[in-house]
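The values are calculated or read from the model by the stated rules, or taken from the named source; none is laboratory data. Just so you know, these numbers come straight off a predicted model, no measurement behind them. Note that we place each Cβ from the backbone using ideal geometry, even for glycine, and neighbour counts take in every protein chain shown. Just so you know, the surface numbers come from the protein's heavy atoms only, side chains and all, with ligands and any DNA or RNA stripped out. Shrake-Rupley method; radii C 1.70, N 1.55, O 1.52, S 1.80 Å.
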Amino acid sequence: MILAVAGGKGGVGKSTVSLNLAAELDAVAVDADLGMADLPESRGPDLHDVLAGRADPVEAVHEGAPVDLLPCGRTLAGARAADPAALVDAVDAVAGAYGTVVVDCPAGMTADAGLPLFAADRCALVALPDAFAVADLVRTRELARELDAGLSRVVLNRAGRDPPTDRVERALGAPVTAVPESRVVARAQRAGKPVSTVAPESTAAERFRELADAVTAGPKAPRGRRR
Amino acid sequence: MVEITCRTDRREGVTLVEAVVRNDGDVTRRVRLEHALGGPVWPPRRRGVPVDDWNDDAVERTLSPGERTGIGFASPAPPASPPVRVAESRRVGEAVERRGDRGEGAAGNAVDASEVSAAGDAADVLRELGDPSPPRDAVLPPDDLGEPPEAAEGTTERDAEEANEAREEGLPAPVVEWFAAVEARVETVEDCAAATSLPEATDRRVARRPRRRRRR
């Protein structure tokens, strides 16, 4: 299964949701934000190398950390040398070797956000519970629909005491998981760790577990339908 | 039958070709048009990616009875007559005709949902949404990045010197000589810096010289 974690805006917590979901699903997290990567860095080949044809996607996966990770380079030169279209085959290859892949998408509506959705079977959309959440989510859902990544879950991240779950659910037509604002999540993310390894009993960890169960439920999407 | 009308225009070393193909027959035909200029073809591009009905040096279109379609491309090769030829023309059924419609419909510039949904491969996504790569001007050439990578990784001075020498290979001889002279003067000054007496300074220079010569 390839799951894309998308959302129209930057800073809403796509990388946090990606890392935690990958931990819960025992999946490989792929940092597909070629220009502004957020998931932890590591030594050795990264996604820029893979997309420039310098490294094999499966060999570029770093195991051993709390989450298996295909990291992304941080340089503009690397982003420029990378062929964004090659992401689709790279993600497919990793999914072939590891089974489940969570792709952390960049913000925006351009091809770098579109290609992971094109590669994915399904997607989860992330937004903050603010006044713009619904509009952002609807736009991203349209893009995901057109690229054949069905929406399996909406995540309202850093939700306060009373998140507008019902309103978003009605507008998007998809179930919503609210992840509470929590210092432990932010601290774990800064350390490049999923919150379940730091505070397994926390509400946030519990919500990520629910989210993982929810996105894996339902009929398995057919794979390789376009190639 | 299929009728083809071409026009070429040579500007600043580039041949621009326009062709209109018309299906005069009473059956739907799939035509494959090849260029006949004897050089590379530069097909039209959308957001940096060749449009999807171009395949290598040929373009395929499906034409209903009486329908006509236009193609255009550029090439550095000199004009030839004719610049485009019909390589293949065959009757097709309705099913194929519908499949061919998408390529022709992709003429506009607006990103519209139906086009993205028809994306067949990653190149289609790039065509519709645009290449996200940072522009070339945003990327500094390696010379402007300051420290050479060898030095940044904490390698020895000797490696850095070898890299310098390798870089000098591409320079004109007088420049290399001038660099060598400057280098020799810098070394002399460095060698003498710690010396407090004349014999000490001369000894150091004598001791160091053979090593430099051996390395050259």
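Taken together, the residues in the stretch A:75-89 that are under 18 Å from the mean Cα position of the chain (by Cα) and open to solvent by 40 Å² or more (accessible area, probe 1.4 Å) amount to 1. Of A:Ala29, A:Ala55, all but one fail to be within 30 Å of A:Gly160 (Cβ to Cβ), open to solvent by less than 30 Å² (accessible area, probe 1.4 Å) and more than 14 Å from chain B (Cβ to nearest Cβ); the exception is A:Ala29. Selection of the stretch A:172-194 for residues being among the small types (Gly, Ala, Ser), in a helix (DSSP H, G or I) and crowded, with 17+ Cβ neighbours inside 10 Å yields only A:Ala188.
Could you please let me know if B:Thr188 is modelled with pLDDT of 80 or more and away from chain A (no Cβ under 14 Å)? Against the criterion (modelled with pLDDT of 80 or more and away from chain A (no Cβ under 14 Å)), B:Thr188 qualifies. Has the stretch B:34-42 got at least one residue that is of a type outside the set (A, V, I, L, M, F, W, C), surrounded by fewer than 15 Cβ atoms within 10 Å (Cβ to Cβ) and under 20 Å from the mean Cα position of the chain (by Cα)? Yes, the stretch B:34-42 contains at least one residue that is of a type outside the set (A, V, I, L, M, F, W, C), surrounded by fewer than 15 Cβ atoms within 10 Å (Cβ to Cβ) and under 20 Å from the mean Cα position of the chain (by Cα). Considering the stretch A:126-146, and only residues there that are of a type in the set (A, V, I, L, M) and away from every other protein chain (no Cβ under 14 Å), the residue that is most open to solvent (accessible area, probe 1.4 Å) turns out to be A:Ala131. Across the stretch B:87-121, the qualifying residues are those that are among the β-branched types (Val, Ile, Thr) and open to solvent by less than 50 Å² (accessible area, probe 1.4 Å), and the one among them that is modelled with the lowest pLDDT is B:Val96. The single residue among A:Ser42, A:Ser18 that is modelled with pLDDT of 95 or more and within 20 Å of A:Lys193 (Cα to Cα) turns out to be A:Ser18.
Exactly one residue out of B:Thr62, B:Thr5 is open to solvent by less than 60 Å² (accessible area, probe 1.4 Å) and part of a strand (DSSP E or B): that is B:Thr62.
Within the stretch A:151-171, restricting attention to residues that are in a strand (DSSP E or B) and open to solvent by 40 Å² or more (accessible area, probe 1.4 Å), the residue that is nearest to A:Phe118 (Cα to Cα) is A:Leu151.
Considered as a group, the residues in the stretch A:90-123 that are of a type in the set (Gly, Ala, Ser) and away from chain B (no Cβ under 14 Å) include one that is least open to solvent (accessible area, probe 1.4 Å), and that residue is A:Ala95.
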